[in-house]
1. Quick check on I297: is it hydrophobic (A, V, I, L, M, F, W, C), within 22 Å of the chain's Cα centre (by Cα), under 15 Å from I351 (Cα atoms) and at pLDDT 80 or above?
2. Report yes if L99 is surrounded by fewer than 21 Cβ atoms within 10 Å (Cβ to Cβ) and either modelled with pLDDT of 90 or more or of a type outside the set (F, W, Y) (or both), otherwise no.
3. Could you go through segment 72-83 and let me know if any residue there is over 18 Å from T11 (Cβ atoms) and modelled with pLDDT of 90 or more.
4. Considering only segment 125-147, I want to know if a residue exists there that is at pLDDT 85 or above, touching a Gly at 6+ places or on another chain (Cβ under 6 Å) and either under 18 Å from S19 (Cβ atoms) or not assigned by TED's automatic domain parsing to the domain that holds P30 (or both).
5. Taking the residues in segment 211-238 that are modelled with pLDDT under 85 and under 17 Å from I44 (Cα atoms) as candidates, determine which candidate is surrounded by the fewest Cβ atoms within 10 Å (Cβ to Cβ).
6. So I353 fits all but one of (1) part of a helix (DSSP H, G or I); (2) in contact (Cβ under 8 Å) with a residue 40 or more places away in the chain; what number is the exception?
7. Could you count how many residues in segment 197-217 are farther than 21 Å from L61 by Cβ and either part of a helix (DSSP H, G or I) or without any contact (Cβ under 8 Å) to a residue 12 or more places away in the chain (or both)?
8. Just to verify a result, which residue in segment 252-268, among those that are more than 23 Å from the chain's Cα centre (by Cα) and charged (D, E, K, R), is surrounded by the fewest Cβ atoms within 10 Å (Cβ to Cβ)?
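The values are calculated or read from the model by the stated rules, or taken from the named source; none is laboratory data. Just so you know, these numbers come straight off a predicted model, no measurement behind them. Backbone-built Cβ (ideal geometry, glycine too); neighbour counts: all protein chains shown.
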Amino acid sequence: MKYKWVALTVTTIGGFMASLDSSILTIGLPTVLGDLNANIFHGIWIITGYKLMLTMLLVMLGRISDMYGRVKLYNIGFAVFTIGSLFCAISGSGEQLILARFLQGSGAALLTANSAAIVTDAFPRNELGMGLGTNMMASNLGSMVGYTVSGIMISFFGWRSMFLINLPIGIFGTIWAYKRLKEVGVKSIGEKFDYLGSILYCAALAIILYALTIGSIFDASNQIILGAGLSLFIVFIAFERKQKHPTLDLSLFRIRLFAAGNVADFLNSLAYHCAPFIISLYLQLVKAYTPSEAGLILIPMEIIVLTMNTITGRLADKYGSRGFATLGLILNSAALLWFSTINKDTSYYAILIGLSLFGFGRSLFSSPNVSSIMGSVPPSRRGVANGVRTTLHQTGSVMSIPVSLLLMTFIMPYDRLSQIVGTNQIIGSIELDTFLRAINFAFLILGIIVGLAIVPSLMRGSRKLDKENEK
């Protein structure tokens, strides 16, 4: 087998598994919490901890891989991901599962950060689009399958099976990567890395997330912690502006298209990842759907995203990004506002319409927006620009579930919300109205947030400006 196919096979498996486990607990969270006798704090971090490690390590790993060898780190990533999956499967408490998810997420970050570079090194230029496109499709497919597989496996084999299934695949991938991958790209020698900037960013993000999840945001102690995290983030920005090789090159935000696209993407990412989570709570705790049924209902949305992404990317290349991306945000906002009206009698078809609308919105926004962002910067700075874009997108993703539950606590007290989600039981009639109002309020604010993203999207300029930046 030619080396390019070896590289594509290994990285496709790794990307699929990393993406799969990013979404695999969205549906089954109430079941997991009930079995482990855990609370909503544990639940948030069981999901968020994985994404947090992805976000924090992706900030650092791009440059480190260039310095020390991307294949070496990729091989380590497969092994760490597999070991983390084993620890997830044998966890006996919420705390243990959180720590195991941190470990698993670290392995996923090592896989994700190096996949594209390994494929780029292995493929000739005229075939690179096919190789990278296959990797991206595998990641999108992993996210989609995560919803379905989790629901089915929980219903028939228990939640631990979701992680046990990773072991044979992970062992195969680890051995295959170790034996067949080889360093092709030239390692960078003597480059400096902004370790302090990375640490400041990661610490600020972790503190903010902790403040949003430890309890009610109305408590003075939590507000102090949140203030400390925001203050540290301000320190990070001030520090980065003085660095020659910053973790996040903030000077790129002087480019209007780059700034507008990233602001719109951050706001949309913050809201987009909330919807499947809140809908899954509604379906299981209000409508009494099983995890497998709830997972199947989310599949049409993911199929639309999977099939439409490449089409909208090509259309944006021909007609410009602004119209497609803005229309996508309008549809996403409309879907969230639609969900803000659901009640205990809302039909399956009404939910399906909202999810389909949401999927179309995501498809129209995603590829054109990325194209606009990456096309706005000079070729010599596109590596750095992609790092900034990915970091901001992942930051929005990792904050999404804490923010959605925070919004729900404006209507339902944190302690009671924690008990409801943790017991995995149908909500009684006395508290049903309050829980539904909490869901409606969360969707309403999220719809407004996405609506605000329409403004920077429109500011990106016309197709003529797209063409000028391509030159």
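1. Details: hydrophobic (A, V, I, L, M, F, W, C): yes; within 22 Å of the chain's Cα centre (by Cα): yes; under 15 Å from I351 (Cα atoms): yes; at pLDDT 80 or above: yes.
Spelling it out, I297 is indeed hydrophobic (A, V, I, L, M, F, W, C), within 22 Å of the chain's Cα centre (by Cα), under 15 Å from I351 (Cα atoms) and at pLDDT 80 or above.
2. Spelling it out, L99 is indeed surrounded by fewer than 21 Cβ atoms within 10 Å (Cβ to Cβ) and either modelled with pLDDT of 90 or more or of a type outside the set (F, W, Y) (or both).
3. Checking segment 72-83: at least one residue is over 18 Å from T11 (Cβ atoms) and modelled with pLDDT of 90 or more.
4. Residues of segment 125-147 at pLDDT 85 or above: none.
Checked segment 125-147: no residue is at pLDDT 85 or above, touching a Gly at 6+ places or on another chain (Cβ under 6 Å) and either under 18 Å from S19 (Cβ atoms) or not assigned by TED's automatic domain parsing to the domain that holds P30 (or both).
5. Taking segment 211-238 and keeping what is modelled with pLDDT under 85, we get 211-222.
So of that shortlist, the ones also under 17 Å from I44 (Cα atoms) come out as 211-217, 222.
Working: A211: 23, L212: 22, T213: 21, I214: 17, G215: 17, S216: 15, I217: 18, N222: 18.
The extreme case among them is S216.
6. I353 satisfies all of (1) part of a helix (DSSP H, G or I); (2) in contact (Cβ under 8 Å) with a residue 40 or more places away in the chain except (2).
7. Number satisfying all stated conditions: 6.
8. Ranking the qualifying residues of segment 252-268, first place goes to R254.
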